[in-house]
Amino acid sequence: MNNRRPARSKARNGKVTVLRTQTSFLKGMEDNVRQILEYMGEDPEREGLLKTPARVARAFEYLTKGYSQDPKVILNQAKFTEEDYQEMVLVRDIDFFSLCEHHILPFFGRAHVAYLPKHHIVGLSKIPRLVEVFSRRLQVQERLTTQIANTLMEELDPLGVGVIIRGEHLCMRMRGVEKQNSVVTTSAMLGAFRSQQATREEFITLVNGNQR
């Protein structure tokens, strides 16, 4: 099969530089999808599949758009100095959709992200955008959780950061063990969220309270 895309540079500080053009990516993806259909015993020239390679290519371009976005740039677009507020800021129930890197099957759920400001706050919409950038890549839930927490810690220099993610993985439901009701919970606690039990408990209580 053709390569999905040219080799890209290593990830550093959350940013991945993708060495490709949109045209070459879409064309290469279409060719590969067409070959996969043939390997499956299908006829990619039949009416129902004629446009499938192009549709799949555009879908994957969207589902992995996080590779071309820099989370630090997004945060710094709405980063403000605020010396007086040092209480917890929590954005709860952030819907996310991602692709498991092991089987390229979807996993999805909700992220809960909190931080304790020290000198800076960030526009509230930037926290869901941060989740979106990292989730729109091939992922594992454990890494997704720590990437969100570490980026906030590095860019805002807060007193602490807490992230809890609950996800449902189709690689566990559609195949393998086929456990239909399984939910995976991961967390990352940094700074005061790790060192101070009261802060951690407040965060967990706020996340679990009045769950939908």
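Here, each number is a calculation from the coordinates, and none is a lab measurement. Not measured: the values here are computed from a predicted model. Quick reminder, even Gly has a Cβ in these numbers, built from the backbone with ideal geometry, and neighbours come from all protein chains shown.
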With the condition kept exactly as written, say whether any residue in the stretch 145-159 is touching a residue at least 12 places away in the same chain (Cβ under 8 Å), crowded, with 18+ Cβ neighbours inside 10 Å and in a strand (DSSP E or B). no
Flagged in the stretch 22-57 as surrounded by 12 or more Cβ atoms within 10 Å (Cβ to Cβ) and of a type in the set (V, I, T), in numbering order, are V33, I36, T52, V56
Kindly list the number of the only condition in (1) without any contact (Cβ under 8 Å) to a residue 24 or more places away in the chain; (2) within 23 Å of V113 (Cβ to Cβ); (3) surrounded by 15 or more Cβ atoms within 10 Å (Cβ to Cβ) that fails for N208. (3)
How many of the residues making up the stretch 169-203 are surrounded by 17 or more Cβ atoms within 10 Å (Cβ to Cβ) and either outside any helix (DSSP H, G or I) or β-branched (V, I, T) (or both)? 8
Among the residues of the stretch 189-205, write down those that are out of contact with any Phe, Trp or Tyr (no Cβ under 7 Å at 6 or more places or on another chain) and closer than 14 Å to L90 by Cα. M189, E201, E202, I204, T205
Of (1) over 30 Å from L206 (Cβ atoms); (2) touching a residue at least 24 places away in the same chain (Cβ under 8 Å), E47 satisfies every one except (2)
Considering the stretch 72-124, residues that are of a type in the set (S, T, Y) and assigned to a strand (DSSP E or B), and then whichever is surrounded by the most Cβ atoms within 10 Å (Cβ to Cβ), we arrive at Y115
